[in-house]
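Visitor: First, the structure itself, so that you have it in front of you.
The values are calculated or read from the model by the stated rules, or taken from the named source; none is laboratory data. Since the structure is predicted, the reported quantities are computational estimates derived from the model, not experimental observations. So basically every Cβ, Gly included, is an ideal-geometry build from the backbone, and we count neighbours across all protein chains shown. Surface accessibility is based on the protein's heavy atoms, side chains included, excluding ligands, DNA and RNA. Shrake-Rupley method; radii C 1.70, N 1.55, O 1.52, S 1.80 Å.
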Amino acid sequence: PLVRAPDGVYGVQLLAINEWGTEGRSPWIDVLLDTVAPEVSDKAEFPVFSPNGDGNKETDTLALSTRKLEPLDTVRVEVRDASNRAVCHWHLPGATFKDGGRAFVLDGKDPSGKELPEGSYRLHLSTFDLAGNSNAAPPQSVKLVRTVETLSVRPTAPTFSPSGRGFHDTVALAVQVSSRVGMEA
């Protein structure tokens, strides 16, 4: 019966013998047997980040987790814009992942340092090994917003007295925002 060999590196040599008993041998060749596909997943710290200098969510940390990743495997990370064009990408050997994980910081710039425009981006993550096994994590969306929005609150009266006597018991607040696009309550 056939027995499945465990994953690993094996030496192979070809031997040829002709009808007169003359032998010819090839040099030993290393062959990698790898049946296990590496796995990777990701989690963005924020669904929306805002690299605009106001000190709030200036960067977004992308935490990668790996399983079954070998040092010679490859992890590919791509940030794609709305037209599915890769605006940032990294190809990393499995050896650069310590303890099954690694973090990337998205700062709103492409690899040349040019600022990316506001908009929605998708994070694509995949792994490959030397034998051709591969896996991909489901794409994750993040939104980059640079616009600094303003908010002002103004009372309708300078004073009020919530005494229950019916005179200036309440005051209304007038709220103005610079934009309601993408507003979260």
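Visitor: Looking at R180, R154, which one is in a loop (DSSP other than H, G, I, E, B) and loosely packed, with under 10 Cβ neighbours inside 10 Å?
Guide: Sole residue among the options that is in a loop (DSSP other than H, G, I, E, B) and loosely packed, with under 10 Cβ neighbours inside 10 Å: R180.
Visitor: Considering segment 100-114 alone, what residues qualify as being loosely packed, with under 13 Cβ neighbours inside 10 Å and out of contact with any Ser or Thr (no Cβ under 7 Å at 6 or more places or on another chain)?
Guide: P111, S112, G113, K114
Visitor: Of all the residues that make up segment 135-157, how many are among the hydroxyl-bearing types (S, T, Y) and farther than 25 Å from A82 by Cα? Write out each step before concluding.
Guide: Kept after step one, since they are among the hydroxyl-bearing types (S, T, Y), are these residues of segment 135-157: 141, 147, 150, 152, 156.
Now restrict to residues that are farther than 25 Å from A82 by Cα: 150, 152, 156.
Selection size over segment 135-157: 3.
Visitor: Any residue in segment 1-22 that's touching a residue at least 12 places away in the same chain (Cβ under 8 Å) and within 23 Å of K68 (Cα to Cα): show its pairings with residues that are of a type in the set (A, V, I, L, M, F, W, C) and open to solvent by 70 Å² or more (accessible area, probe 1.4 Å) at Cβ separation under 6 Å, as long as the two are six or more apart or on different chains.
Guide: Note: pairs meeting the criteria are V9/L32.
Visitor: Could we say that L15 is exposed (fewer than 15 other Cβ atoms within 10 Å of the Cβ), touching a Lys or Arg at 6+ places or on another chain (Cβ under 6 Å) and hydrophobic (A, V, I, L, M, F, W, C) here?
Guide: When the stated conditions are applied, L15 passes them.
Visitor: Output yes when any residue across segment 80-99 is open to solvent by less than 60 Å² (accessible area, probe 1.4 Å) and either of a type in the set (F, W, Y) or over 29 Å from P138 (Cβ atoms) (or both), and no when none is.
Guide: Yes, segment 80-99 contains a residue that is open to solvent by less than 60 Å² (accessible area, probe 1.4 Å) and either of a type in the set (F, W, Y) or over 29 Å from P138 (Cβ atoms) (or both).
Visitor: Okay, next question. Condition first: assigned to a loop (DSSP other than H, G, I, E, B), of a type outside the set (V, I, T) and either surrounded by fewer than 13 Cβ atoms within 10 Å (Cβ to Cβ) or in contact (Cβ under 8 Å) with a residue 24 or more places away in the chain (or both). Now tell me which residues in segment 34-47 satisfy that.
Guide: D34, A37, P38, F46, P47
Okay, residues lined up against (1) closer than 22 Å to A44 by Cβ; (2) of a type outside the set (S, T, Y):
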position	(1), (2)
E70	no, yes
R80	yes, yes
S83	yes, no
V105	yes, yes
L116	yes, yes
G132	no, yes
L151	no, yes
A157	no, yes
G164	no, yes
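Visitor: Here's something else I'd like to know. Only one of V77, V31 is under 25 Å from R146 (Cα atoms) and either touching a His at 6+ places or on another chain (Cβ under 7 Å) or open to solvent by 60 Å² or more (accessible area, probe 1.4 Å) (or both); which? Steps first, please.
Guide: Working: V31 fails: under 25 Å from R146 (Cα atoms).
Of V77, V31, the one residue that is under 25 Å from R146 (Cα atoms) and either touching a His at 6+ places or on another chain (Cβ under 7 Å) or open to solvent by 60 Å² or more (accessible area, probe 1.4 Å) (or both) is V77.
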